[in-house]
1. Within the stretch 1-19, count every residue that is open to solvent by less than 50 Å² (accessible area, probe 1.4 Å), of a type in the set (Gly, Ala, Ser) and either closer than 19 Å to residue 85 by Cα or without any contact (Cβ under 8 Å) to a residue 40 or more places away in the chain (or both).
2. Quick one: how many residues across the stretch 165-216 are among the charged types (D, E, K, R) and open to solvent by 70 Å² or more (accessible area, probe 1.4 Å)?
3. Please work out if residue 137 is touching a helix residue (DSSP H, G or I) at 6+ places or on another chain (Cβ under 7 Å) and open to solvent by 50 Å² or more (accessible area, probe 1.4 Å).
4. Being in a loop (DSSP other than H, G, I, E, B), within 18 Å of the chain's Cα centre (by Cα) and not charged (D, E, K, R) is the filter here, so list the residues in the stretch 81-113 that pass it.
5. Quick one: how many residues across the stretch 171-229 are more than 22 Å from residue 158 (Cβ to Cβ), in contact (Cβ under 8 Å) with a residue 60 or more places away in the chain and within 19 Å of the chain's Cα centre (by Cα)?
6. For the stretch 205-231, give me each residue that is farther than 18 Å from residue 133 by Cβ and not small (Gly, Ala, Ser).
7. Residue 118 is checked against (1) modelled with pLDDT of 90 or more; (2) more than 15 Å from residue 146 (Cβ to Cβ); (3) surrounded by 15 or more Cβ atoms within 10 Å (Cβ to Cβ) and fails just one. What number does that condition carry?
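The values are calculated or read from the model by the stated rules, or taken from the named source; none is laboratory data. Just so it is clear, the model here is predicted, and its values are computed rather than measured. Note that we place each Cβ from the backbone using ideal geometry, even for glycine, and neighbour counts take in every protein chain shown. Areas reflect the complete protein model, heavy atoms only, side chains present, ligands, DNA and RNA absent. Shrake-Rupley method; radii C 1.70, N 1.55, O 1.52, S 1.80 Å.
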Amino acid sequence: MSIAAYIKDDLAVRLLSGRELPSQLTLDSLAEHYNVSITPVRSAVAELIDEGLLQRRPNRRLAASSRPKARGRARRIQKLPEPPRDPFEIVATDLVQLSFQGEPVYLREEATAEKYDISRSAIRNIFHRLAGQGMLDHIPRRGWRLRPFRKQDLQQYVEVREVLELKAFELARPKLDPQVLQRILDANSLPESADVAPHVDESLHDYLIATADNTYIRDFFEHHGRYHRLLFRWEDHDPATAVETIRQHREIITSMLARSWSAARKALSNHILHNHPILNQVGKNENAWTAKTWNGAGKATN
């Protein structure tokens with residue numbers, strides 16, 4: 001569902017069912033209420049006026065329609081629509097894919113906000129969050145620069161990650177809670193059929209690091225792990241990869257619950273080093289985003 005469609009449906013339900021409306025029915029106040037740019041609000045309002053649910057007063061303010069045919073449709077209203085996916089997740093996923101081009105790309109806030117139909121302040125907040133996770137750099141007087149993906153960087157990170165996470169496992173081992181491990185195991189259930197999307201629960205890794213309680217291990221993953229976690233989450237969008245990740249998590253946790261520490265350590269090492277089949281295909285995706293999509297000018301400014 002697009003932002004404009006969600007705004008239209010949400011306002012329609014509220015208008016027809018008597019639910020609470022935003023405090024002011026103006027384009028600016030609605031844009032602020034939904035935290036979007038004015039463009040999707042204008043589109044949604046235009047459709048609601050055409051359908052007779054809103055009317056524009058002489059002073060240009062909007063008001064709920066008093067026409068009986070509009071009120072009569074209220075009986076068919078069931079519930080408010082679900083909002084679209086978190087824009088942060090959408091932008092982060094797209095930027096991971098863009099980073100696979102392997103070249104630094106400068107991003108314009110205005111063009112990116114327009115692309116996603118959200119406000120410029122919202123996209124700026126997203127960019128700040130991504131900068132905190134190591135995906136973007138803020139360059140004075142030049143804007144935002146996307147961190148390019150390098151296979152060599154990933155390989156070096158994975159090698160260091162294996163050493164530190166295995167050390168975290170050894171430190172955490174005497175303090176592992178079987179009930180917590182069982183909950184994580186249950187959360188990594190294989191889908192019952194091919195029609196069900198697999199859901200990967202990655203909390204095992206954070207649990208080991210937190211339970212190890214080593215400041216320097218935690219510091220490494222805080223400063224260097226965020227960007228790579230975005231990459232790994234992108235991998236799990238592929239169903240086959242997600243299923244394999246679930247299988248590996250289950251093997252690790254089952255060994256831990258059985259106190260087969262050697263088997264758990266071996267399974268954890270294998271999972272860290274070899275569970276990246278999607279990233280090996282970087283550069284082969286014909287549908288990858290281009291710099292033009294983001295800077296609005298046809299060429300990234302490097």
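1. The number of residues fulfilling the criteria is 2.
2. The initial filter retains those residues of the stretch 165-216 that are among the charged types (D, E, K, R), namely 165, 167, 170, 173, 175, 177, 183, 186, 192, 195, 201-202, 206, 213.
Among the residues that remain, those that are also open to solvent by 70 Å² or more (accessible area, probe 1.4 Å) are: 167, 173, 175, 183, 186, 192, 195, 206, 213.
The qualifying residues number 9.
3. Details: touching a helix residue (DSSP H, G or I) at 6+ places or on another chain (Cβ under 7 Å): yes; open to solvent by 50 Å² or more (accessible area, probe 1.4 Å): yes.
Against the criterion (touching a helix residue (DSSP H, G or I) at 6+ places or on another chain (Cβ under 7 Å) and open to solvent by 50 Å² or more (accessible area, probe 1.4 Å)), residue 137 qualifies.
4. Of everything in the stretch 81-113, those that are in a loop (DSSP other than H, G, I, E, B), within 18 Å of the chain's Cα centre (by Cα) and not charged (D, E, K, R) turn out to be 83, 84, 100.
5. Residues meeting the conditions: 0.
6. Step one: list which residues in the stretch 205-231 are farther than 18 Å from residue 133 by Cβ, which gives 207-208, 210-217.
Listed by number, the residues that qualify are 207, 208, 211, 213, 214, 215, 216, 217.
7. (1)
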